[in-house]
1. Taking D241, is it in a helix (DSSP H, G or I) and farther than 30 Å from R364 by Cβ?
2. Identify all residues within segment 271-309 that are out of contact with any Asp or Glu (no Cβ under 9 Å at 6 or more places or on another chain), assigned to a helix (DSSP H, G or I) and either within 26 Å of Q334 (Cβ to Cβ) or of a type in the set (S, T, N, Q) (or both); write none if there are none.
3. Within the group A469, A464, which residue is modelled with pLDDT of 95 or more, assigned by TED's automatic domain parsing to the domain that holds G22 and within 28 Å of R363 (Cβ to Cβ)?
4. Looking for whichever is aliphatic (A, V, I, L, M) and touching a Ser or Thr at 6+ places or on another chain (Cβ under 8 Å) here; the options are V309, V296, V327, V264. Which one fits?
5. Mind checking which pairs have a first residue in segment 28-43 that is under 16 Å from G249 (Cβ atoms) and part of a loop (DSSP other than H, G, I, E, B) and a second that is of a type in the set (K, R) and modelled with pLDDT of 95 or more, Cβ under 8 Å, 6 or more apart or different chains?
6. Return the total of residues in segment 315-353 being over 24 Å from Y366 (Cα atoms) and touching a helix residue (DSSP H, G or I) at 6+ places or on another chain (Cβ under 7 Å).
7. Name the single residue, out of those in segment 369-385 being surrounded by 24 or more Cβ atoms within 10 Å (Cβ to Cβ) and within 12 Å of the chain's Cα centre (by Cα), that is nearest to W446 (Cα to Cα).
8. Please state which one of P317, P348 is in the same structural domain as G401 (by TED's automatic domain parsing), over 26 Å from G392 (Cβ atoms) and assigned to a loop (DSSP other than H, G, I, E, B).
Amino acid sequence: MVRGLKVLFLAAEATPFVKVGGLGDVAGELPRALRRLGVDVRLALPLHAALETRGVEIERTIALLVPRGQGLEPATVHCGQLEGLPLFLVDGESILHSAGLYGDPAVDVRKFTLFSLASLAACEETGWLPDVVHANDWHTAPAVIALARRRAAQPAWQRTASLLTVHNLAYMGAGGEAGLQAFGLGPSSDGSLPNWARALPLPLGLLHADGITAVSPTYAREILSPEFGCGLETFLATRQDRIRGILNGIDPANWNPTTDSSLVQTYDLTHLGLRPANKAALAQDLGWTHQAGVPVMAMVTRLDLQKGVDLVLQALPRLLDLAWRFVLLGTGDQDLEQMSAARAAAYPDRIRFLPRFDPRLARRIYAGADLLLVPSRFEPCGLTQMIAMRYGCIPLVRAVGGLRDTILPAGEDGSGTGFLFQEAEAVALEGVLRQAISAFQQKDRWRQLQEQAMRQDFSWEKSAAAYHALYRELVEGRAQ
């Protein structure tokens, strides 16, 4: 039996330090949930220029030289903690001089590889060798690749297991192959990998990992199919016995309509009658006259074809015979931004487009909108639908990935927690939107949907327990 597990948790971003997407929420919240289970977790992050260090207590700084090419690249690891969570914050020239978290692939692969290798070296330098190296997405896959080589040459690492979590298989680190090879992590000759993938960080990490997790059970199955496998489905089938699906969670203390200071009126499941005040406030925020009987539909998202924003923009003009309003908050693809702005200009009484990142307004949307639209072409897990349900905002989603795993289809009898559709087509979305708008007009049925949605438990405790059990399994497998 494994006791006192030690886990090095590597990620490109994590709340509250720095966040771009859902990975930041996961990496900020899962390690804390694991520590509540008694796991000794160290969170390792690159010291991006944008990283917020307020409250971080640095206890030790280590200067390292990481082999690169024919020479050595300096790196510095600041060992400390924030509110009891131990940290490795890694900096170096390629990290400090990077304009943002993500950008030029060649720059990104170099900085994330330096970060990954320096994190492993910091474990050696401090004498804290983990039982599990848990990497997330392609950015930290170099740690998995490097660990496989260390285990072959250094007895101290032989019992350390590796786990690689796939948050989005579509991003593999393409364009930075030379940066990976510069640190001695060259291409693989393994015939199970397609030729085009043999020098990419994520496929190489998946090849060497002792365990692989996808961020929902459905996504774990989907990546084995041509539609979602991104060309790696045949390779992943050879590793199917190592793949698990563990659903992400959310922090119920952070996403709580009872205590959320962004709202004009807090409320809970037993006081849903207070919620409409937030719908009225949202109308004021958006420059609308409040109309309680008109459903407000919303998207809070990155503007990307993956998210199905174009499907919504195509479907809405088909619904002009019904009463509704729609608000879209987010930025991203320039073409989608222009299309969104054009729709808002064409229907100013119905549509608002806010091209910005605005966390406070996002919370007011969750509390004031009636429907949250998530018509994704693929969605490994998704967090917005879970957050929306916490606030009594009913999700309407495409039945893929974590969206399928978290939402119970609404029935005519008032059962369920949201609305699902199958095909990534505007006509299919139109059909389910009509169903949802009709359901909204049935007050008792809608109230029942809200109550059932708000009762769902998406806290991290269940997910953390599943990871804890998997860690034990992987470590015991290495010990045999």
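1. On the way: in a helix (DSSP H, G or I): yes; farther than 30 Å from R364 by Cβ: yes.
Taking the combined requirement at face value, the residue satisfies it.
2. Residues satisfying the conditions are N278, Q284, D285, L286.
3. Details: A469 fails: within 28 Å of R363 (Cβ to Cβ).
Exactly one of A469, A464 is modelled with pLDDT of 95 or more, assigned by TED's automatic domain parsing to the domain that holds G22 and within 28 Å of R363 (Cβ to Cβ), namely A464.
4. On the way: V296 fails: touching a Ser or Thr at 6+ places or on another chain (Cβ under 8 Å); V327 fails: touching a Ser or Thr at 6+ places or on another chain (Cβ under 8 Å); V264 fails: touching a Ser or Thr at 6+ places or on another chain (Cβ under 8 Å).
One residue alone meets the criteria, V309.
5. What qualifies is V39/K6.
6. Within segment 315-353, residues that are over 24 Å from Y366 (Cα atoms) and touching a helix residue (DSSP H, G or I) at 6+ places or on another chain (Cβ under 7 Å) number 1.
7. Filtering segment 369-385 for residues that are surrounded by 24 or more Cβ atoms within 10 Å (Cβ to Cβ) and within 12 Å of the chain's Cα centre (by Cα), the one nearest to W446 (Cα to Cα) comes out as T384.
8. Details: P317 fails: assigned to a loop (DSSP other than H, G, I, E, B).
One residue alone meets the criteria, P348.
The values are calculated or read from the model by the stated rules, or taken from the named source; none is laboratory data. This one's a predicted model, so the numbers in the text were calculated from it and none came from an experiment. Heads up, the Cβs are rebuilt from the backbone with ideal geometry, glycines too, and the neighbour counts pull from every protein chain shown.
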